[in-house]
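Working notes for the structure below.
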Amino acid sequence: MKRQKTDAPAYVLRQIRTELGLSQEEVGRRIQLDRAYVAYLETGRRYPSIDMLISFAHAFEMQPGELLDRISERIAGGKARPLTLRQPRPVLI
């Protein structure tokens with residue numbers, strides 16, 4: 001069974017970062033990512049791997065399980081929305 005990707009990771013990453021008063025640049029510095037990539041993750045343009053989520057948890061000085069719990073709570077609470085993938089632009093030749 002294929003699972004639908006949701007906005008839960010993006011929403012939670014952004015929510016925790018702002019709760020902690022951190023900039024995208026600061027979070028990126030802590031986990032050695034470009035600020036733009038952090039923005040992509042927070043907007044759902046990229047979907048984080050489990051390793052990436054663990055890195056974010058450490059950057060937020062929390063246990064990885066806490067971060068995963070918050071993501072799960074958003075999904076279980078019915079607040080997560082399915083990600084809608086943009087259609088690729090046609091190549092003009």
(request) Search segment 4-25 for residues being of a type outside the set (A, V, I, L, M) and open to solvent by less than 50 Å² (accessible area, probe 1.4 Å), and hand back the single one that is farthest from residue 72 (Cα to Cα). (result) 24
(message) Suppose we keep only residues that are open to solvent by less than 60 Å² (accessible area, probe 1.4 Å) and out of contact with any Gly (no Cβ under 8 Å at 6 or more places or on another chain) within segment 69-93. Which one would you say is modelled with the lowest pLDDT?
(response) 80
(message) Restricting to segment 27-68, name every residue that is open to solvent by 70 Å² or more (accessible area, probe 1.4 Å), over 14 Å from residue 10 (Cα atoms) and part of a helix (DSSP H, G or I).
(response) 29, 30, 35, 51, 58, 66
(request) Could you check how many residues of segment 41-66 are among the basic types (Lys, Arg) and in contact (Cβ under 8 Å) with a residue 40 or more places away in the chain? (result) 0
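The values are calculated or read from the model by the stated rules, or taken from the named source; none is laboratory data. In this text the structure is predicted, and so the values were computed from the model without any measurement. In this analysis, Cβ positions are derived from the backbone assuming ideal geometry, glycine residues included, and neighbour counts consider all displayed protein chains. Accessible surface is based on the protein model in full, side chains and every heavy atom, while ligands, DNA and RNA are left aside. Shrake-Rupley method; radii C 1.70, N 1.55, O 1.52, S 1.80 Å.
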